[in-house]
1. Within segment 97-147, restricting attention to residues that are without any contact (Cβ under 8 Å) to a residue 40 or more places away in the chain and of a type in the set (S, T, N, Q), which residue is surrounded by the fewest Cβ atoms within 10 Å (Cβ to Cβ)?
2. Could you please tell me which pairs satisfy a Cβ distance under 6 Å, a separation of 6+ or placement on different chains, a first residue in segment 290-309 that is under 18 Å from Gln143 (Cβ atoms) and open to solvent by less than 40 Å² (accessible area, probe 1.4 Å), and a second residue that is among the charged types (D, E, K, R) and modelled with pLDDT under 90?
3. For residues that are free of Cβ contacts under 8 Å to residues at least 12 places away in the same chain and surrounded by 18 or more Cβ atoms within 10 Å (Cβ to Cβ), tally how many sit in segment 148-168.
4. Count, please, the residues in segment 1-36 that happen to be modelled with pLDDT of 90 or more and surrounded by 17 or more Cβ atoms within 10 Å (Cβ to Cβ).
5. Looking at segment 10-20, is at least one residue out of contact with any Gly (no Cβ under 6 Å at 6 or more places or on another chain), of a type outside the set (Asp, Glu) and over 16 Å from Ala296 (Cα atoms)?
6. I need a count of the residues in segment 230-263 that are hydrophobic (A, V, I, L, M, F, W, C) and either in contact with a His (Cβ under 6 Å, 6 or more places away or on another chain) or touching a residue at least 40 places away in the same chain (Cβ under 8 Å) (or both).
7. Any chance you could count how many residues in segment 110-156 are closer than 16 Å to Ser265 by Cβ and among the acidic types (Asp, Glu)?
Amino acid sequence: MSRSAFLSTDTPDCPASLIAQAKSNGTPRVAIARAGAQLPMQAAQEATAAGIMTPIFVGEADAIQREADALGWDITGFDIHNTNGEADAANTAAGLCGADEADVLMKGHLHTDMFMKGVLTRDNGLRTSNRLVHVFHITPPGQDAPLLISDAAVNVTPDIKTRQACTQAVVDLAHARGIERPKVAFLSATESAIPSVPSSMEAAELCAWAKSEIQNADFSGPLAIDLILSPEAVATKGLTDDPVAGQADCIVVPDIVSGNAIFKSLVYLSGGCAAGVVMGAKVPVLLTSRADPPAARLASAALAAILCT
């Protein structure tokens, strides 16, 4: 049997409600670090056409113009900051956001570690007292109710404090998306806190902390993935009185491996549209990927616009 039989053939679509909400918040200025490549320029063109981005191009000016010409896009009305190489582009784009000359920072054609170094360099003015955490906003094909997952892209083995920040971030993003009382699950491999499964003990600790520290949300953990997503599994295991089980809006994961596996499973196995944003800096930060389909890049831009309010 071909393993590709597990893969979804659905083409991800960006929910119309996400774009509509983003447009209602105004049009943010987005500094694109090293914009002169096909994918970031396509993403910028689509988001600009949708009315959710005013691009600020940072990078080699000749490459930016060449890619715009290839798309048939007249960019004469937008700012271009000519830079040389990855580090210069990362620092210039981050500095524009730090100086309040841009509202969102977006990764273009450069390595992630170089891009994030620009975010973390204090002279660029993006650091705050908050931890940086990444949140995925994933919607099923043809639907607009998201499942939020943190952190599946930035923090590799987050400690309890970082996962507390992840918890606050998913609640904040859920509220921003109009979910008045989000249901947050803390992932483990079991619904019982047992010492032989350290993530289950930590999930129970995080759940107790969240219930005492965060308002307007419901929390449960530890929960395994079946009890997070499946009402049938919840009924079978007798957890129907749990306010989160089987109907979670958000998942806080114990490490990047589990988060990355869930996110990619939802994308590749069920055709989900995954928008991603880094929270905790002065401005929303977009970590675009070469593997992102157009719908995901557009959804990420919309998510950043929503968070700019």
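1. Filtering segment 97-147 for residues that are without any contact (Cβ under 8 Å) to a residue 40 or more places away in the chain and of a type in the set (S, T, N, Q), the one surrounded by the fewest Cβ atoms within 10 Å (Cβ to Cβ) comes out as Ser129.
2. These pairs meet every condition: Ala295/Asp13.
3. Total satisfying the criteria: 0.
4. Final tally of qualifying residues: 16.
5. no
6. Total satisfying the criteria: 11.
7. Summing the residues that are closer than 16 Å to Ser265 by Cβ and among the acidic types (Asp, Glu) in segment 110-156 gives 0.
One line per residue, one yes/no per condition, for (1) at pLDDT 95 or above; (2) open to solvent by less than 10 Å² (accessible area, probe 1.4 Å); (3) assigned to a loop (DSSP other than H, G, I, E, B):
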| residue | (1), (2), (3) |
| --- | --- |
| Gly221 | no, no, no |
| Ile228 | yes, yes, no |
| Thr240 | no, no, yes |
| Val244 | yes, yes, yes |
| Ala248 | yes, no, yes |
| Pro254 | yes, no, yes |
| Gly259 | yes, yes, no |
| Lys264 | no, no, no |
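The values are calculated or read from the model by the stated rules, or taken from the named source; none is laboratory data. What you see is a predicted model; the values in this text were computed from it and never measured. We place every Cβ from the backbone using ideal geometry, glycine too, and count neighbours over all the protein chains shown. With ligands, DNA and RNA removed, areas are computed over all heavy atoms of the protein, side chains included. Shrake-Rupley method; radii C 1.70, N 1.55, O 1.52, S 1.80 Å.
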